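Chemist: Starting off with a structure, shown below.
The values are calculated or read from the model by the stated rules, or taken from the named source; none is laboratory data. Since the structure is predicted, the reported quantities are computational estimates derived from the model, not experimental observations. Cβ placement follows ideal geometry from the backbone for every residue including glycine, while neighbour counts extend to all protein chains displayed. Accessible surface areas use protein heavy atoms only, side chains included; no ligands, DNA or RNA. Shrake-Rupley method; radii C 1.70, N 1.55, O 1.52, S 1.80 Å.
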Amino acid sequence: MQPEQTRSQRWTNAARLANWAAMSWNTFGRALRFTTWGESHGPALGVVLDGCPPGIALSEADIQPFMDARKPGTSKFTTQRKEADLVRILSGVFEGKTTGTPISMMIENTDQRSKDYGEIAKSYRPGHADYTYDAKYGHRDYRGGGRSSARETAARVAAGAVARLIIPEVTITGFVCELGGDRIDREAINLSEIGNNPFWCPDSWAAKRWEELVDTARKDGSSLGAVVECVATGVPAGWGAPVYAKLDSDLAAAMMTINATKGVEIGDGFEAARLTGEQNADAMSPGTDGTPQYVSNHAGGTAGGISTGQPVVCRTAFKPTSSILTPVDSINSDGEATKVRTKGRHDPCVGIRGTPVVEAMMALVLADHKLLHRAQVA
């Protein structure tokens, strides 16, 4: 028989187990937690969503429209990889309603071309995760980047579709507000235009300009960056928490987990640093129902990490796609100088298809905070 452990030993072992459990880092959220799995060129990828309340009507039909919005090959301005991205619910739903148990969803990969990546099997794409994955793990999946591929975001969109059902009071709208350095005209925003062009653009004139920008980059074997804005209306005052569970800090963290993201702004973001105190203040006046009426929303719907009842506004900056046909100086796994030119099918602007992903992460964070709020004060 093993001697009985002391309390100190038990705590030490528990801490070790907790540390080991945290080492995978494939899970996000607190009350509503999701874990994605799978690789770009594996047989399938998917997500396990845990913490969804029971009794919510849910079927694949509720999820598929969001998958269709993100899927590749929808226009000449995105990757020409053809994936149906049909989602299949494997668990957590019975007789059309959530059971409160983990919801597992799977999306099959059907149009992989792993041979396209043969030339970079031992070379590192600058700006991509090739070198850093190799440096960390000593072994990498070079077929499309494995877990570092934007293909992983399909699983997030599936989870986000379920999260939207937890927050029916909230409307989430994402759109591209800047592409290749060309910004939309804020005075010309018409949200009904978003679905009328392949860029998720609310400015029809900007969308016309972007056609030439993206087409030129694609033909040149290059790529462009973009900024996606996401607005959530209907968020009540009170979601979030001070200091380490701020709604805006969780939003920023969520957006930064998306592939190719390099910056996040809440509300006016960096522009707020260029304002005076009186310019930046969101002045309040008494409302008819006892809640404040705001003159502006520079803070982006949060104050002290807690929602104000104003629209929650977040902008996410996507860098240009790293996989390009233009040769770029790099090194190989032996440390030798080489030039890398990535074949295959890639988005000339990853930010375009990043829009549904940003919406999904907004939904997941807001649903998580709704459940946390309900657990704490309701």
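Chemist: Can you return the aspartates and glutamates within cross-link range of residue 122? Criterion is Cα-Cα under 20 Å, with same-chain partners fewer than 8 residues away left out.
Modeler: The qualifying aspartates and glutamates are 39, 130, 134, 141, 329, 334, 336.
Chemist: Only Cα pairs under 8 Å and at least 6 apart count here; give the relative contact order of the range 218-305 as a rounded whole percent. Present the calculation step by step, with values, prior to reporting the outcome.
Modeler: Values: 62 pairs, mean separation 26.2, N = 88.
Worked out over the range 218-305, it gives 30 percent.
Chemist: Would you mind checking the pairs 71/219; 319/339; 208/319 and listing those with alpha carbons more than 24 angstrom apart?
Modeler: On the way: 71/219 22 Å; 319/339 21 Å; 208/319 21 Å.
With Cα atoms farther than 24 Å apart: none of 71/219; 319/339; 208/319.
Chemist: Taking loop as defined by DSSP and a crowding limit of 13 other beta carbons within 10 Å, which GluC sites (Glu not before Pro) in the range 136-234 fit? Mind showing how you got there, number by number?
Modeler: Details: sites: 152, 169, 178, 187, 193, 211, 212, 229; in loops: 169.
Within the range 136-234, the qualifying GluC sites (Glu not before Pro) (loop, at most 13 other Cβ atoms within 10 Å) are 169.
Chemist: Ranked from the most accessible area to the least, with a 1.4 Å probe and all protein chains present, what is the order of 124, 244, 133?
Modeler: Details: 124 20, 244 195, 133 75 Å².
Correct descending sequence by accessible area is 244, 133, 124.
Chemist: Here's a follow-up. Rounded to the nearest 0.05, what FRET efficiency do residue 331 and residue 288 give with R0 = 51 Å and r taken as the Cβ-Cβ distance? Could you check? If you can, show how the numbers build up before the last one.
Modeler: Working: r = 65 Å, r/R0 = 1.28.
Efficiency computed from Cβ-Cβ geometry: 0.20.
Chemist: Then there is this: So what J values fall out for the range 210-216 if you push phi through Karplus, 6.51 cos²θ - 1.76 cosθ + 1.60 with θ = phi - 60°, rounded to Hz, Gly and Pro as x?
Modeler: Taking θ as phi minus 60°, the curve returns 5, 4, 5, 4, 5, 4, 5 Hz for the range 210-216.
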